[in-house]
Amino acid sequence: MNIIICGAGRVGGTIAKLLAEQNHSITIIDQSSEDIQKINESLDIKGIVGKATYPSILEKANATEADMIIAVTKNDEINMLICQIAFSVFNIQKKIARIRSKDYLDPKFSQIYNKENLPIDVIISPEIEIAKSIQRKLEAPGALDNVNFAENKIRMLEIFIDDNCKIINTPLGKLTVNFPELEANILGVIRKEKFIILKKNDVLQKNDKAYVIINSAHMQKTLLAFGHTEKISNKILIIGGGNIGFNLAKNIEQSFESARIKIIEKNKERAEFIANELNNSIIINGNGLDEDVLEEASLEEIETVLALTNDDEDNLMVSVLVEKFSKDKRTMALINKPNYSLLQSSLKIDDLIDPRMNTVSSILKHVHKGTIETAYSLLNGEYEIIEAEIIETSELINKDLKNANLPEEIRIGAILRDNDVIIPTSDFIFKENDTVVFLAKRDQLSVVENIFRISSF
């Protein structure tokens, strides 16, 4: 596909890299000559310096031949205007815009976004996506991540393997024999910074991060088998009442009646605003780095602390303070600078949240063609876990798994058929309308599209 990306920041640059490696034709536009130069030096794509709102610049980017435009500049209004011009002047069929402002995202104004008014096909809100991601983590205590597929009937759990894991050192081919109650498919692990697709004679090892596909109804059973007995946190402290913290608190209030949330926000006006908007949360106006403020929040009673300010250093320091003054708390910190991830283990932070990859994953699933519904990126997009429907033209129909001739770097995780979740064996036979959740390496995505006979938009 011919794709134009507007905005060469961390998100735009990452998307450009991943899509170029999937053999898409990519043009990226940004006003910063420095950012465009960096991309031109590192990627085999076309970079253009200029305003993407100028029709002449879009014309220079060959917008007349573009299949999709992705607007991820730092300005909502610019992203919206880009989509309008892309539609009105160049008739680009697929238009994706990153939008942050709460007003633009209010459901009661959704009529704004249609072909007659403002033609944006997909709206990506990083703050909302990150809040959803954190909530999923809270819903699966003991898991590093928790992603829903197939109408929430199938889940992918990212699980850290420690000494408590009951199935450690068990060959995968013997899991069903030794653990008949376990209905799970281990797709692979991250081991020493590398992703490994495990085979039947392979075993889990201590310090692995395992990616496991399960029936959502068996989540607690699965976590127990992996040695995790943690309970869902009911007492949560959020540091930072910005859009992420606010959206998360609102979501938790709606989903968990038993949850008790406290938010520390240092801006008085913002603190008053979220206090009026939320129903059951306690808002404290103060600095989360102040020990007295943490004491006011009754830190000793809190089970999970989420550092979600706009300052990476503050988020790291809050997590350190929590560990110092009140141990045995689950801590999560929002981090924009990728190098800070190296500090996670030494600072004893349970989880670092990368807003860039949350946004990238949200966008990538809309780049895939036809029946691909969901995509979750691993290792900066090197692998993806994908949900797709088998249509009548697919070569998989009526084939069993062992004879499907799938590449080694494509691994079937689970299938949803008539509301039943199936963890497939080698004798499993694919049928039309099956929803399949599987792992694929980035450079195999064209093969995936061919296997599923996925049509264009």
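Derivation of every value follows stated rules applied to the coordinates shown; laboratory data play no part. Predicted model only: the values in this text are computed from it and were never measured. With ideal geometry, Cβ positions are generated from the backbone for all residues, glycine too; neighbour counts draw on all protein chains shown.
Across region 96-151, how large is the tail of the calculated P(r) beyond 15 Å, expressed as a percent of all Cα pairs? Summing the P(r) tail past 15 Å for region 96-151 gives 60 percent. Rank Leu182, Asn234, Asn251 by how far each Cα sits towards the positive end of the charge dipole of the chain (+1 on Lys, Arg Cβ; -1 on Asp, Glu Cβ) and give me just the farthest. Farthest towards the positive pole: Leu182. Per the Debye formula on identical point scatterers at the alpha carbon atoms of region 2-124, with no solvent, log10 I(q)/I(0) at q = 0.11, 0.17 Å⁻¹ is -0.33, -0.78.
Let me check I have the definition right: for region 139-187, take the eigenvalues of the Cα gyration tensor, multiply each by 5, take square roots. What are those semi-axes in whole Å, largest first?
Working: eigenvalues 88, 45, 14 Å².
Three semi-axes, in Å: 21, 15, 8.
Karplus-derived 3J(HN,Hα) values for region 348-360, using 6.51 cos²θ - 1.76 cosθ + 1.60 with θ = phi - 60°, are 6, 9, 5, 8, 10, 10, 9, x, 4, 6, 4, 5, 4 Hz; glycine and proline are entered as x.
Just to check, using Stokes-Einstein with a Kirkwood Rh over alpha carbon pairs, what's the diffusion coefficient of region 143-268 at 4 °C and 1.567 mPa s in µm²/s?
Values: Rh = 16.5 Å.
Translational diffusion coefficient: 79 µm²/s.
The value obtained for region 360-451, namely the Cα convex hull volume divided by the number of residues, is 93 Å³ per residue.
On alpha-carbon atoms, Rg over Rh for the chain using Kirkwood Rh?
0.97
A quarter of the convex hull surface defined by the alpha-carbon atoms of region 235-353 gives 6.7 nm² as the mean projection.
Packing, taken as the mean count of other beta carbons within 10 Å per residue, orders the peptides 392-399, 120-127, 109-116, 231-238 from highest to lowest as 120-127, 231-238, 392-399, 109-116. Each residue in Cys6, Cys165 was given a count of other beta-carbon atoms within 10 angstrom of its own, and listing them fewest first yields Cys165, Cys6.
Residue-wise HN-Hα couplings along region 135-145, as the Karplus relation 6.51 cos²θ - 1.76 cosθ + 1.60 with θ = phi - 60° gives them from phi, are 4, 4, 5, 5, 6, 10, x, x, 9, 6, 8 Hz; Gly and Pro carry x.
For region 381-395, putting each phi into the Karplus relation 6.51 cos²θ - 1.76 cosθ + 1.60 with θ = phi - 60° gives couplings of x, 5, 10, 9, 9, 10, 10, 8, 9, 7, 9, 4, 8, 5, 6 Hz, in residue order, rounded to whole numbers and with x for Gly and Pro.
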